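A.B. asks: After the structure tokens below, expect a handful of questions from me.
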Amino acid sequence: MGMDGPIGDFLKTLHAEIGAITDGAPASYIPELAKADPNLCGIAVATVDGAVHVAGDWDHPFTIQSISKAFVYGHALEVHGRERVLRQVGVEPSGDSFNSIALDTVNKRPFNPMVNSGAIATAELIAGTDAGERQANLATLLARFAGRPLPLDEATYLSEKATGHRNRAIAWMMLSAGMIERDPEDVLDLYFRQCSYNVTARDLAIMGATLANDGVNPITGDRALDAEYCPDVLTVMLSCGMYNYAGQWAYEVGLPAKSGVSGGILAVIPGQAAIAIFSPPIDANGNSARALAACKRIAERFGLHLFRTH
Ligand code: GLN
């Protein structure tokens with residue numbers, strides 16, 4: 001790992017370039033996130049061979065937020081199978097904001113597992129017979145992907161639990177629609193926890209490289225997800241991972257990706273590598289302005305768009 005070599009040099013230059021972008025602001029609806037330093041900016045690239053390249057604040061911890069949705073969706077598929085999961089959450093882009101209080105009117109499901117409604121429904125599917133077991137399984141899942149146990153950021157977890165009334169509205173609406181069955185507060189507790197694990201850009205790149213590597217962590221060699229379900233996760237990331245920017249993202253960058261309100265974006269190059277960028281100021285869609293710009297530049301520079309064959 002290091003800033004050596006042509007990729008490291010490229011990332012260092014890129015880091016300096018995107019540092020000049022001043023668009024957006026740290027998310028403020030979760031009080032704890034509003035405290036983030038807007039100048040932070042970290043980049044990491046991890047390959048399926050286990051190489052990691054980093055630049056800037058790559059080791060600064062931040063809460064994973066919505067990026068967790070991709071991993072928990074994979075887990076739900078592995079535990080319950082496609083048919084069962086599809087009954088509870090669709091795979092259709094919502095064209096709406098991440099926190100939209102709306103279900104697909106045709107079948108009353110949340111549109112997809114990458115928006116809050118779908119992710120809350122997916123959180124209910126985490127394996128375990130009681131809250132403690134489910135929390136432990138969640139921690140184990142994320143640790144397998146990252147290759148190390150991830151610490152829970154208690155302050156952010158409690159901050160969101162205290163203020164996440166919009167997510168409460170979504171959960172109760174889904175209870176009334178029969179899309180969740182357990183006590184909404186229990187499901188929300190798990191969802192707030194899954195959003196509050198701390199990662200670094202390096203952790204996130206390794207988690208993405210695990211998806212790129214058919215579910216096997218390229219550093220530890222441990223399987224984090226059945227290879228059968230990696231394409232499901234990556235497809236939904238491509239179509240829905242960037243909220244109401246998903247279509248434009250697919251058009252411009254053409255890689256499966258997932259963003260989070262704390263300022264992270266994870267983009268996966270299937271079979272090859274993953275790019276993780278973290279910078280707290282987010283735009284109107286909830287995507288990090290610097291991370292978005294950086295992903296576009298990397299994809300363009302290395303011809304990464306999946307449908308670009310020349
Ligand atoms: N925890 C955040 C929420 O539920 C996650 C949203 C996000 O990262 N877009 O509002």
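The values are calculated or read from the model by the stated rules, or taken from the named source; none is laboratory data. Bear in mind the structure is a predicted one, so any value in this text is a computation, not a measurement. Cβ placement follows ideal geometry from the backbone for every residue including glycine, while neighbour counts extend to all protein chains displayed.
A.B. asks: If I filter region 271-290 for residues that are more than 16 Å from the ligand (Cβ to nearest atom) and surrounded by fewer than 22 Cβ atoms within 10 Å (Cβ to Cβ), do I get at least one hit?
C.D. replies: For region 271-290, residues more than 16 Å from the ligand (Cβ to nearest atom) and surrounded by fewer than 22 Cβ atoms within 10 Å (Cβ to Cβ): present.
A.B. asks: Give me a count of the residues in region 15-30 that are in a helix (DSSP H, G or I) and more than 22 Å from the chain's Cα centre (by Cα).
C.D. replies: Count: 2.
A.B. asks: To continue, here is another question. Is there a residue being assigned by TED's automatic domain parsing to the domain that holds Gly90, more than 23 Å from Phe278 (Cα to Cα) and within 16 Å of the ligand (Cβ to nearest atom) anywhere in region 190-204?
C.D. replies: yes
A.B. asks: Cβ contacts < 8 Å: first residue without any contact (Cβ under 8 Å) to a residue 60 or more places away in the chain and β-branched (Val, Ile, Thr), restricted to region 210-225; second residue part of a strand (DSSP E or B) and surrounded by fewer than 20 Cβ atoms within 10 Å (Cβ to Cβ), any location; separation 6+ or different chain. Result?
C.D. replies: Val216/Arg223
A.B. asks: Assuming His53 fulfils every condition listed in (1) part of a strand (DSSP E or B); (2) within 21 Å of Val261 (Cβ to Cβ) apart from one, which condition is it?
C.D. replies: (2)
A.B. asks: Please go through region 103-133 and pick out each residue that is loosely packed, with under 15 Cβ neighbours inside 10 Å and of a type in the set (A, V, I, L, M, F, W, C).
C.D. replies: So the first thing to find is which residues in region 103-133 are loosely packed, with under 15 Cβ neighbours inside 10 Å, and the list is 105-108, 128-133.
Once the filter is applied, which keeps residues that are loosely packed, with under 15 Cβ neighbours inside 10 Å and of a type in the set (A, V, I, L, M, F, W, C), region 103-133 yields Val106, Ala131.
A.B. asks: I've got another one for you. Please count how many residues of region 93-114 are out of contact with any Cys (no Cβ under 6 Å at 6 or more places or on another chain) and either over 30 Å from Glu154 (Cβ atoms) or away from the ligand (no atom under 16 Å from the Cβ) (or both).
C.D. replies: 12
A.B. asks: Right, here's the next one. Across region 209-247, what is the number of residues that are in contact with a Gly (Cβ under 9 Å, 6 or more places away or on another chain), small (Gly, Ala, Ser), on the phi < 0 side of the Ramachandran plot and not in a helix (DSSP H, G or I)?
C.D. replies: Residues meeting the conditions: 1.
A.B. asks: Looking at region 115-133, can you tell me whether even one residue there is under 17 Å from the mean Cα position of the chain (by Cα), within 16 Å of the ligand (Cβ to nearest atom), assigned to a loop (DSSP other than H, G, I, E, B) and within 21 Å of Tyr245 (Cα to Cα)?
C.D. replies: Quick first cut of region 115-133, residues under 17 Å from the mean Cα position of the chain (by Cα) only: 115-123, 126.
Within this subset, residues satisfying the condition of being within 16 Å of the ligand (Cβ to nearest atom) are 115-123, 126.
Of the ones still in play, those that are also assigned to a loop (DSSP other than H, G, I, E, B) are 115, 126.
If we keep only those that are within 21 Å of Tyr245 (Cα to Cα) too, we end up with 115.
Checking region 115-133: at least one residue is under 17 Å from the mean Cα position of the chain (by Cα), within 16 Å of the ligand (Cβ to nearest atom), assigned to a loop (DSSP other than H, G, I, E, B) and within 21 Å of Tyr245 (Cα to Cα).
A.B. asks: What are the residues in region 65-80 that are more than 10 Å from the chain's Cα centre (by Cα) and aromatic (Phe, Trp, Tyr), if any?
C.D. replies: Tyr73
A.B. asks: Follow-up question, since we're still on this one. Examine region 21-30 for a residue that is within 16 Å of the ligand (Cβ to nearest atom) and farther than 12 Å from Pro280 by Cα, and state whether such a residue exists.
C.D. replies: yes
A.B. asks: Taking region 61-83, which residues are basic (Lys, Arg) and within 11 Å of the ligand (Cβ to nearest atom)?
C.D. replies: Once the filter is applied, which keeps residues that are basic (Lys, Arg) and within 11 Å of the ligand (Cβ to nearest atom), region 61-83 yields only Lys69.
A.B. asks: Within region 96-116, how many residues are free of Cβ contacts under 8 Å to residues at least 60 places away in the same chain and charged (D, E, K, R)?
C.D. replies: So the answer is 1.
A.B. asks: Somewhere in region 69-83, is a residue touching a Gly at 6+ places or on another chain (Cβ under 9 Å), closer than 27 Å to Arg297 by Cα and either crowded, with 16+ Cβ neighbours inside 10 Å or of a type in the set (A, V, I, L, M) (or both)?
C.D. replies: Yes.
A.B. asks: Here's a follow-up. Can you tell me which residue within region 134-182, out of those that are more than 16 Å from the ligand (Cβ to nearest atom), touching a residue at least 60 places away in the same chain (Cβ under 8 Å) and assigned to a loop (DSSP other than H, G, I, E, B), is surrounded by the fewest Cβ atoms within 10 Å (Cβ to Cβ)?
C.D. replies: Filtering first and then ranking leaves Gly178.
A.B. asks: Consider Leu125 carefully, then state whether it is among the aliphatic types (A, V, I, L, M), outside the structural domain of Ala212 (by TED's automatic domain parsing) and within 20 Å of Asp203 (Cβ to Cβ). Please lay out each step first, then the result.
C.D. replies: Working: among the aliphatic types (A, V, I, L, M): yes; outside the structural domain of Ala212 (by TED's automatic domain parsing): yes; within 20 Å of Asp203 (Cβ to Cβ): no.
Criteria not met by Leu125.
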